[in-house]
Structure formats: C-alpha cells, structure tokens
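Engineer: Okay, handing you the structure first.
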Amino acid sequence: MSAHSHRMPFGATVQADGVAFALWAPSAKTIVLEHQSESRAMTRDGGWHRLTVPSAKPGDRYSYRLADGTRVPDPASRCNPDDVHGPSLVVDPARFAWTDDGWRGRPWEEAVVYEMHVGTFTDEGTFNAARERLGALAELGITALEIMPLADFPGRRNWGYDGVLHYAPDASYGTPDELKALVDTAHSLGLMVLIDVVYNHFGPEGNYLHAYCPEFFNAGKQTPWGAAINFDGPQSRTVRDFFVHNALYWIEEFRFDGLRMDAIHAIHDETRPHIVREIREAIDAGPGRERHVHLVLENETNQASMLARDGRGQPVAGTAQWNDDLHHAVHVLATGERDGYYIDYADEPVRRLALALAEGFIYQGQASAFRQGEPRGEASTGLPPQAFVSFLQTHDQVGNRAFGERIHALGDPVLVRAAMACLLLSPHVPMLFMGDEFAASTPFQYFCDFGPELANAVSEGRRSEFGGFAAFKDEAARARIPDPNAEATFLASKLRWRERGTRAHFSRLCEVQQLLDLRHKRIVPHLAGMAGAGTFRCENDTLRVQWDLGPAADGAPPLRLHMLAHFGAEPAEGVEMPPGETIHSDGVGGHEGARQLARGAVHVTLEAVHGG
C-alpha cells in the first residue's frame, strides 16, 4: 500500500515540526491565523503571509482573519466540512493507504466515458454510495468515469460549476479519503476516473478572494461571471501556479486519470504557453511520465489547434474535446427542434451527422447563423477521431432545458436508437450521460442551494431566461419551470437504479452492453495510431462513413471501418452494401443485390485493406 500527496506552496502543509500555513494576499497588510481557539499573527513575506504552528495537527480547524475582522476559509483548503463560509480543516494526505500501485491508467483509445453527478447518481448521493455501483459500470463496458465538478460549492446541492474552494471536495459528498477510496476501487475494476474542473470563474457565493486578494482577478477583462481570473496580467504568475498546482493535486494526490476542463473558451489568457498547454506540460513532466493522464476540453470555439498532436502522435494540449457539433446534429435529427443554437444544424441534419462522424467538427471556420454570421471553428480533418468525445446528451444539453428532459424522452425512439449505435461503433470516444445506458425516466434539472437573496435572483432569472421561447411566453407557463433552489428539483433528478431491471429499460441496457462489447472486441484494438479523419457521403437520408483504422497488430492487413445508416421516413430500396465482414447489422432486409434499409437501420463492416 502506498501514500500519495502533492506538495504545493499554498494552504496548510503537514510537516515534522507541525503545520505550515501559507496564504498569498499581496494587498493585505496583516492576516491573522485563527487556529482552533487561538489567534496568531502571520509573518508577511512579500505577497505571502506565512506561519508554522508546532502544535497544529491533522483534524484541526483554521481560518484567516482579515483586517476588518472577516474570517475566511483557506482558498487552498483540502477540506471544508462546514461549507464554504466555515473554517478549513488540516488534512494529512499521506494517511490514506492506496492499493493501486500497479495502476498505469489506460490508453485514450480504450475510453468509453460515463459522465456522473455524484449527488444524483445514487439515492444517498455520496462517494461511498457511488463506489458501490462501479462494478455495474465496469460490467457494462464503461472504462472511464467523468465526475462533474467536486470543488466545494455553497449549500448542500449543486451541479458543481459554482465551486469556490478548488482544492476541497464538497463535504456533502463525503470526505477526501472517501473520494480517494472511490478512485482506488475504480482502478481495481479497470476504470479510469476523470474530474471536471472549472478554471474560468469562481461561483457567486463564498468567493472571498476579492476581499483580500484582488490580484487574483483582471478587472480589465470581463466574463459572464464578472472580472476574469488573472491568467495574463500583473502578478499572474502566482495565479497560474494556483491552477497548475490544482491540476497536479487532483492527479497526484487523488490519483485521477485526467481532467475535463470546463469552458476553456471563457478563459482569458494571451500568454504563451496558454494555461491549458502549461497544465499539459506540467502533467507530462510529472505524473504523465509514469501513467496515462488525459486532458479533455470543453471549447465552443472548436479550436482544432488545441487538440494538435506532436511528431510522436501525442497531444500538445488537449487529448480530446467534447463534440457538441455531433450532439446538435443528432438532436435536430431526432427531435425536429430548431430553436436557439440548433438553428445552425437545421438544414440537412443527416449530412451534418455524417460530417461530424467523419471529421469531428461540423463548424470548421464557417459562419454561424446563431452567432450572427461570425465564423466558428478550425479545420479538424488532421485530427484522429479519438480527439472527439461524442455523445447523444450531457448534463448541459439535458439540464439546460426548462424541464431537464432527456433525448430519449423527446426524440423519435427509432432514430435515437440508431444514433446510439452509430456513436458506440464509431472511432470517436463515446460518452454516456448517467442513465443513458437504461434510458432513465428521470430528468436532470438545474439545481442549486444558494442563500436567500441569491436564490431568489437565480429562480427569477431561470424563468425569465426561457421567456424568449414560444412555449414560455405565458407567465403561467414559466411558473411551471422547476425552482432550482427547491430540494424537490434536486430529488427529481436522482437516478432510479431499480429501473434497470424493468422490461423496457433492461432492453436498452442489454443493447448498449452488446454494442460496447462489440466495440471493445472488434474496433478498439485497431484504433491506436489513427492519423486523421474519415470520409463520408449521403444519399436520401442514408449516410455512409468510412475510416482507415490504425496499424494492425501482428502483421495483419490494415482495416477500414464502414458505417451505413438510414434516417429517412421511408425504407431505402436497392441499397449497395459496404464491403468487408459484417460486425453489426440491424434493420437490413432483402436479398443480395436488392437490399432494403428500414428506418433507423445501421450496418457496420470491417474490410481488410490489402496492400496498405
């Protein structure tokens, strides 16, 4: 059994002579450490305030008192048991005994991602309860968990994107050691675990940095959440270090296998290297030397350059990016919705889906109608398909709807089923949002637990936000939108695990498991080393996509993956079938030379390509 910790210049560090406390606050002339029931003035050292307390030990509570008497938690707190306004807790990370010494992670091409919100994944909503369900995910064919943000947020429930203490797992889910136990168990089952991190803003409640460390922000650059985090202004080096250390902290101390970086398009950074690339370089120079560590990006601007590979085929920044383009095409195709950003995908959705499957991004520099003609994206044809994490839904695409409906509750079931097969049998890295695998009946709604004044503003803002949609022009209609701060909204979003055993849901579960089993056996072994995009064509709502897979093992000839899928309202007659060995065929009828594709048919073959 081993211990793992990450040493950093911030926070409370347990050492042989007690505990060393360090706070960066250049604008504060004095800072007082409140440790247990005692007060001690800290020593100013440039922009730092430091103090070592010989009597301090793990389990002690502490906070910092500002000149005006305000007590604030440690911004680098490893644990804040009494929520974001309370004192921090001294933690000795070396006390947890890991059992995963042999774990070296998994190559990215093996990833099948499962996005999970800890609070709604189980009835209990805890790390321990989630740990008990990991075996079922591994059995299904999941190889990577992606956990929505854990940074301490205000209140007892939140999506996680309102975190303010970036080093402290939210106490409503459990202790740091219980989170480590979850990761340790996942590794024993062959599961990677990624954590979603938010480096583009702090939440609106519980962020005290403005009160004593304005240097953390750049007032000259504004975001939807206020002044931007100072990644490239005066004194930004320490701010950048705070987030680089945070990335390494999760990977080294909690043994996470990577990060999902939220909305990097909202990070203001003109420095070279960009903070995303600096984090990649720090990972490669540290934990990445011993095991596979991955960096997944969310980036609305479709910057293919952020996903570029070096001469060895290794990512220079992001390993992969969430592919909203593919989702949007599927959503329009399956539901017929064309409001908001779906307007960009309203024309020829089958062709757009084929393009996304073949090349990753649909928007590669073209003008966006939703963005008033502004070009969006960069050419992605030079990227391997594994640079795209693709999905039929995510927490965003479900939860940002007024009632949090999932796509299988909204869309044509035949087309949704076909799109799922296309996703899971493509060379992209597929991602399921928790409950996808059994077509969960529960919604995933937007929920939070802010203080009264902010809670009212959020509730009113949520309802007015939908006022621009035809369905919510009427005030009575808007009033039916669930209140984000109501506990009932949170409870309604919890998965009902018993559904997995009922007939309709079990059928979906079996289909997903069979598709993933096929993926792992026949497709994944040939994904390593894929160099670039596929090719596609469409005929009357029938798509054809083909990809040249990576170098074959054991001297076998290279393989070409063919996908044929029909999304038309009527069957397609006299269809020429792709060459190669059929590995999946659903909805294909007729006889040789007169094949018929039913609505929602999917046919996949592997062709040996002799001669290279």
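Engineer: Can you compute the helix-only [θ] at 222 nm over the chain? Use -39500 (n - 2.57) per DSSP H run of at least 4 residues, normalise by all residues, nearest 500 deg cm²/dmol. Intermediate values should be presented prior to the final figure.
Structural biologist: On the way: 16 runs with 148 residues, N = 612.
It comes out at -7000 deg cm²/dmol, rounded to the nearest 500.
Engineer: Roughly how many whole Å is it from the C-alpha centroid of the stretch 163-204 to that of the stretch 42-80?
Structural biologist: 23 Å
Engineer: Given the Cα-Cα distance of residue 223 and residue 514 and 0.36 nm per residue of separation, how much length would full extension add, in nm?
Structural biologist: Extra length available between residue 223 and residue 514 comes to 100.3 nm.
Engineer: Residue 128 to residue 310: FRET efficiency via 1/(1 + (r/R0)^6), r the Cβ-Cβ distance, R0 60 Å, to the nearest 0.05?
Structural biologist: Computed FRET efficiency for residue 128 and residue 310 comes out at 0.90.
Engineer: Only Lys, Arg, Asp and Glu count, each charged at its Cβ (+1, +1, -1, -1), so figure out the dipole size of the stretch 530-608 about its Cα centre, rounded to 20 debye.
Structural biologist: For this selection, approximately 140 debye.
Engineer: Further question on the same structure: In a shell of Cβ-Cβ distance under 12 Å around residue 10, excluding residue 10 itself, what net charge do Lys and Arg (+1) and Asp and Glu (-1) give?
Structural biologist: Neighbourhood net charge equals +1.
Engineer: Between residue 29 and residue 367, how many nm apart are label points set 7 Å from Cα along the C-beta direction?
Structural biologist: Going by the 7 Å Cα→Cβ label model, 5.8 nm.
Engineer: Another question about this same structure. Calculated FRET efficiency, residue 414 and residue 20, Cβ-Cβ r, R0 45 Å, to nearest 0.05? Mind showing how you got there, number by number?
Structural biologist: Values: r = 62 Å, r/R0 = 1.38.
Step by step, r from the Cβ atoms, then E = 0.10.
Engineer: Just from the alpha-carbon atoms, what are the Rg and Dmax of the stretch 44-202 in angstroms?
Structural biologist: 17.5, 56
Engineer: Same structure, new question: When the Cα centres of the stretch 450-464 and the stretch 388-440 are compared, how far apart do they sit, in Å?
Structural biologist: Comparing the Cα centres of the stretch 450-464 and the stretch 388-440, I get a distance of 29 Å.
Engineer: Further question: Once the Cα atoms of the stretch 530-608 are picked out, what are the Rg and Dmax in Å?
Structural biologist: Rg, Dmax (Cα atoms, Å): 13.6, 44.
Engineer: Where a Cα-Cα gap under 18 Å defines reach, which aspartates and glutamates qualify for residue 57, not counting those fewer than 8 residues away within the same chain?
Structural biologist: Once the sequence-local aspartates and glutamates are set aside, what remains near residue 57 is 17, 34, 38, 74, 92, 177.
Engineer: Take the Cα radius of gyration of the stretch 11-95 and divide it by 2.2 N^0.38 Å, with N its residue count; two decimals is plenty.
Structural biologist: Details: Rg = 11.9 Å, N = 85, 2.2 N^0.38 = 11.9 Å.
In units of the 2.2 N^0.38 Å rule of thumb, it is 1.00.
Engineer: Could you tell me which chymotrypsin sites (Phe, Trp or Tyr not before Pro) in the stretch 118-159 are loop residues by DSSP with no more than 15 other beta carbons within 10 angstrom of their beta carbon?
Structural biologist: none
Engineer: Would you list 103, 108 from fewest to most Cβ contacts within 10 Å?
Structural biologist: Listing 103, 108 from fewest to most nearby Cβ atoms yields 103, 108.
Engineer: For labels at residue 136 and residue 507 in the simple 7 Å Cα→Cβ model, what's the distance in nm?
Structural biologist: Between residue 136 and residue 507, the label points sit 2.0 nm apart.
Engineer: For the chain, find the longest principal axis of its Cα atoms and tell me its angle to the long axis of helix 413-424, 0 to 90°, nearest 10.
Structural biologist: 70 degrees
Engineer: Looking at the calculated P(r) for the chain, what percent of the C-alpha pair distances fall above 41 Å?
Structural biologist: 26 percent
Engineer: Which of 92, 196 comes first, and how do the rest follow, when ranked by fewest Cβ neighbours within 10 Å?
Structural biologist: Ascending number of Cβ neighbours within 10 Å: 92, 196.
Engineer: Between residue 454 and residue 441, what is the spin-label point distance in nm, taking each point 7 Å from the Cα along the Cα→C-beta axis?
Structural biologist: Going by the 7 Å Cα→Cβ label model, 3.6 nm.
Engineer: Please compute the length gained on full extension between residue 486 and residue 188, using 0.36 nm multiplied by the number of residues separating them and subtracting their Cα-Cα distance.
Structural biologist: Gain on extension, residue 486 to residue 188, equals 103.5 nm.
Engineer: With r as the distance between the Cβ atoms of residue 498 and residue 36 and R0 = 41 Å, compute the FRET efficiency 1/(1 + (r/R0)^6) and round to 0.05.
Structural biologist: After rounding, the FRET efficiency stands at 0.35.
Engineer: Hey, another quick one. Mind listing which trypsin sites (Lys or Arg not before Pro) in the stretch 19-124 are in a DSSP loop and have 15 or fewer other Cβ atoms within 10 Å? Mind dumping the intermediate values first?
Structural biologist: Details: sites: 29, 40, 44, 50, 61, 65, 71, 78, 95, 104; in loops: 29, 78, 104.
Qualifying residues, ordered by number: 29, 104.
We did not get these values from a lab; they are worked out from the coordinates using the rules stated. Please read these numbers as outputs of a predicted model, since none were measured by experiment. No Cβ is skipped: glycine too gets one built from the backbone with ideal geometry, and neighbour counts run over all protein chains shown.
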